[in-house]
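Below is one structure, written out as structure tokens; comments come after it.
No value in this document is a laboratory result; all are computed from the given coordinates. Computed from a prediction, not measured in an experiment: that's the story for all the values here. Note: ideal-geometry Cβ built from the backbone for every residue, glycine included; neighbour counts use all protein chains shown.
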Amino acid sequence: MSFEINGKTYETDEEGYLINLSEWDEEAAKYLAKEEKVDMTDNHWEVINFLREYYNDYQIAPAIRVLTKAIGKKLGPEKGSNKYLYELFPYGPAKQACKIAGLPKPTGCI
Amino acid sequence: MTESTGGIEVEEETAGRVKKFMFVNRKAPYGTIYALEGLEVVLISAAFDQDVSLAFVDDGVYELVKGQATKGIDVKNFSPTYRALEGYDIEKLYVDAESLKARGLTEENLIVPVEVLSNEEMADLMAAQDVVISF
């Protein structure tokens, strides 16, 4: 499977996750967000950028519990909660935000 | 050790009790899938709030060596993921002293803080586990 923006083709797996992480760019994120019916705000981008940094550092997509804790530490305790992240990404922050960030599905994510 | 692999049968009196799980890593990081699969199982195990520890023995100590360069063999270098374990509250990493020494390695060559144990200490620690799973 794949999608195309401005002549650039992005390969995805059967669940819509990008296959080649290095292909990710903001245009791809916007497309994936639209597919997930997420209206991207600065708060959304903050989480997406955080996830990309996390992946860059550790080579995995974090479990939701780990994500909330790390976000709380970095962006402030009011943002380090399941409630905040589920408001931004209603169908599961780990799953939805990782997809938009161009990361693989988190290990152990069901 | 009271069970060989993850207890599927949960006895009533032990249900809900935190168990001591040790994951033993014995193989070099690349060439087989054991190291990576073992790490994935460890990450998943973190979700179950058990007492998890990791042991690195034999070639398993290579999993933690700094500066792994995998471009030439065209596989992902997953060693940075060991540094994520702390965020998963998995902080008990034990390395066998003899295995390190036999490979000309010291603690300074490893990407994460570990506790180096003698054979005897490692054996005692394994004996104290509820479950030991080897990769």
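Within the range B:7-135, the proportion of C-alpha pairs whose separation exceeds 26 Å stands at 21%.
Helix A:26-35 and the longest principal axis of the Cα set of chain A meet at an angle near 80°.
Helix B:34-45 and the longest principal axis of the Cα set of chain B meet at an angle near 40°.
Counting Cα-Cα pairs of chain A in 10 Å increments starting at 0 gives whole-percent bin shares of 15, 51, 29, 5, 0. Modelled this way, with points 7 Å down the Cα-to-C-beta line, the labels at B:D58 and B:A28 are 1.4 nm from one another. Hey, if you drop one equal point scatterer on each alpha-carbon of the protein assembly as shown and run the Debye formula without solvent, what base-10 log of I(q)/I(0) do you get at q = 0.07, 0.13 Å⁻¹? Log10 of I(q)/I(0), two decimals: -0.28, -0.90. A simple rule links phi to the HN-Hα coupling: the Karplus curve 6.51 cos²θ - 1.76 cosθ + 1.60 with θ = phi - 60°, which for the range B:90-104 gives 9, 10, 9, 10, 10, 10, 6, 4, 5, 5, 4, 4, 4, 9, x Hz, with x for Gly and Pro.
Amide H contacts under 5 Å for B:Y94: B:L54, B:A55, B:F56, B:E115, restricted to partners 5 or more places along the chain or on a different chain, H placed in the peptide plane at 1.01 Å from N. Spatial offset of the range B:86-106 relative to the range A:30-46 amounts to 41 Å, using the alpha carbon center of each.
The string of couplings for the range B:16-33 from the Karplus curve (6.51, -1.76, 1.60, θ = phi - 60°) is x, 7, 6, 9, 8, 10, 10, 9, 9, 9, 10, 10, 4, x, 10, x, 10, 8 Hz, one whole number per residue in order, with x for Gly and Pro. For the range A:8-17, backbone phi angles converted through the Karplus equation (6.51, -1.76, 1.60; θ = phi - 60°) give residue-by-residue couplings of 9, 9, 10, 7, 10, 7, 5, 9, x, 7 Hz, Gly and Pro being listed as x.
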